[in-house]
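The values are calculated or read from the model by the stated rules, or taken from the named source; none is laboratory data. The model shown is predicted, which means the values in this text are computed figures rather than measured ones. Cβ sites come from the backbone with ideal geometry, for glycine too, and all protein chains shown count toward neighbours. What goes into the accessible areas is simple: the full protein's heavy atoms, side chains included, and nothing from ligands, DNA or RNA. Shrake-Rupley method; radii C 1.70, N 1.55, O 1.52, S 1.80 Å.
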Amino acid sequence: ENQIIQYNTILENTLGINLSMANRNFITYNVFRGNTVHAVFNESYKNKWNRNFWDHPRLFPYIIPGTIVIYRWTLKWLNFDWHPAQEPYDIPGMS
C-alpha cells in the first residue's frame with residue numbers, strides 16, 4: 001500500500017501487473033508492451049494510474065478492469081489512466 005510504481009518496462013507477460021488488496025498506489029510513467037493483459041486489480045481501492053504507455057498511442061483513457069468488495073459482495077469495477085502517454089518512455093537499461 002501507498003507505493004509508487006514508476007519507470008518500469010512491463011514486457012511480454014501473460015499478466016503485466018496484478019494489484020491484489022493493494023490500496024492507494026500511484027502507477028505512473030511505465031511502459032506496457034506485448035502483454036496478454038496489461039493490468040488488473042482485485043479488492044484494491046484508490047489506486048491512481050497516470051501517464052503510462054499502453055502498447056500504442058491512445059486518444060482516450062486506458063481502462064483497467066478489476067474488482068472491489070462492498071460488504072460481502074464482489075463487484076466488477078474499473079480504474080482509468082486518464083492521461084496515457086503517447087509514446088514509450090526511454091527507460092535506461094531497457095530496449
Taking first residues from the stretch 37-49 that are open to solvent by 80 Å² or more (accessible area, probe 1.4 Å) and second residues anywhere that are aromatic (Phe, Trp, Tyr), the pairs with Cβ under 8 Å that are 6 or more apart or on different chains are 48/26
Flagged in the stretch 51-68 as within 10 Å of residue 40 (Cα to Cα) and either of a type in the set (D, E, K, R) or surrounded by 14 or more Cβ atoms within 10 Å (Cβ to Cβ) (or both), in numbering order, are 64, 66, 67
_Please verify whether residue 51 is on the phi > 0 side of the Ramachandran plot and modelled with pLDDT of 95 or more, treating the condition exactly as stated._
yes
Given the conditions (1) in contact with a Gly (Cβ under 9 Å, 6 or more places away or on another chain); (2) touching a residue at least 24 places away in the same chain (Cβ under 8 Å), every one holds for residue 88 apart from (1)
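So if I check each of 18, 13, which one is of a type outside the set (A, V, I, L, M, F, W, C), open to solvent by less than 70 Å² (accessible area, probe 1.4 Å) and over 12 Å from residue 81 (Cβ atoms)? Write out each step before concluding.
Details: 18 fails: open to solvent by less than 70 Å² (accessible area, probe 1.4 Å).
Answer to the check: 13.
Sort out which residues of the stretch 21-36 are open to solvent by 60 Å² or more (accessible area, probe 1.4 Å) and aliphatic (A, V, I, L, M), and write them in order of number.
In the first step, residues of the stretch 21-36 are kept if they are open to solvent by 60 Å² or more (accessible area, probe 1.4 Å); the result is 21, 24, 26, 29, 33, 36.
Result: 21, single match.
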Restricting attention to the stretch 71-85, the residues that are open to solvent by 100 Å² or more (accessible area, probe 1.4 Å) and assigned to a loop (DSSP other than H, G, I, E, B) number exactly 3
